[in-house]
Every structure is written in structure tokens, then in C-alpha cells.
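Below: one structure, written as C-alpha cells.
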Amino acid sequence: MTTLVADTHALVWQLTDPQRLGKAARRALAAADTGRALCHVPAVSLVEVALLHERGRLRLGVAQVLQALAGHAGYAVLPLDIEQAMEFAALVGLRDPMDRLIAAAARATRSRLVSADATFDGVVDRLWD
């Protein structure tokens, strides 16, 4: 089974405006929607959703995201663990700590990262267009 990690914006767009996703990203997340792929949602993405919601930049809050994901068999929240912390420590080239944690999740789970952010190129296997 294909395994993915969703960057925060990819997850939010999948839930609110899937047309913003790249073609390959849309196909991959559609596979997760139907349980044909497993999409890990790093816990830090939920933290980012909370921060964006608090700042008024996102209508959805954490509870709404979790409720939406619960309706799809192919999504699982990925708690932060030791392996991700070790990967985080190795990713000194990524300045943004949230990006480092998301990349660490992809590396620790050996998953493709669904993200529009080219910052991840050369760090993880990124899937978008």
C-alpha cells in the first residue's frame, strides 16, 4: 500500500478546496479518501491548523479536521515519536521547525510527502504535480 504524509496546506486544501492541489497530489489523496493509500497526518499539522484558526486565517479548527478525517479509512494522525525526533535532528538544512517536523515524519515513515513546497526537494520524495 502506498504511504503518504500530508503537508498542512495539502491536508487543508483536500478538505476545503481540492482543485488547489496538483494533479498527482489530488490522485494520491483521493486514494487515501477511499482507503487505497495510507496518508499520515503529522500531529504538528494539527498544531498548525490550530494556530491558523486562532489567527483567523483558516475557518476549520482541529476538531473539524479530525471529524472530516474520521470519515475516510485512509487517514491516520501520526503522533511525534523518537524516530521522527532523530530525523528532525538530522534535517538542519530546513530552517522552519514545522517543515522540519513534517519532513521528519515523511522520512521516519518512508512515505512520499504531499506538498507544493519545493523547499522539501532533495530532502524527501515530494509528490505534487
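In the set 84, 14, only one residue is over 25 Å from residue 129 (Cα atoms) and in a helix (DSSP H, G or I); that residue is 84. Restricting attention to the range 17-43, the residues that are part of a loop (DSSP other than H, G, I, E, B) and farther than 16 Å from residue 125 by Cα total 5.
In a residue-by-residue description of the range 53-72, the property of being out of contact with any helix residue (DSSP H, G or I) (no Cβ under 6 Å at 6 or more places or on another chain), among the small types (Gly, Ala, Ser) and in contact (Cβ under 8 Å) with a residue 12 or more places away in the chain applies to no position. Collect the residues in the range 87-110 that are aliphatic (A, V, I, L, M) and part of a loop (DSSP other than H, G, I, E, B), keeping them in residue-number order. Correct list: 91, 92, 94.
Any chance the range 77-93 includes a residue that's free of Cβ contacts under 8 Å to residues at least 12 places away in the same chain, loosely packed, with under 15 Cβ neighbours inside 10 Å and within 20 Å of residue 116 (Cβ to Cβ)? Looking for residues that are free of Cβ contacts under 8 Å to residues at least 12 places away in the same chain, loosely packed, with under 15 Cβ neighbours inside 10 Å and within 20 Å of residue 116 (Cβ to Cβ), one finds none in the range 77-93, hence no.
Looking at this structure, is residue 54 over 14 Å from residue 11 (Cβ atoms) and charged (D, E, K, R)? Answer is yes for this residue.
Would you check if residue 28 is out of contact with any Cys (no Cβ under 7 Å at 6 or more places or on another chain) and either modelled with pLDDT of 95 or more or within 12 Å of residue 114 (Cα to Cα) (or both)? Yes: the conditions hold for residue 28. With respect to residue 8, is the statement that it is modelled with pLDDT of 95 or more, surrounded by fewer than 21 Cβ atoms within 10 Å (Cβ to Cβ), closer than 21 Å to residue 111 by Cα and among the hydroxyl-bearing types (Ser, Thr, Tyr) true? No.
The values are calculated or read from the model by the stated rules, or taken from the named source; none is laboratory data. Keep in mind the model is a prediction, meaning the values are calculated, not measured. Neighbour counts run over all protein chains shown; Cβ positions are idealised from the backbone, glycine included.
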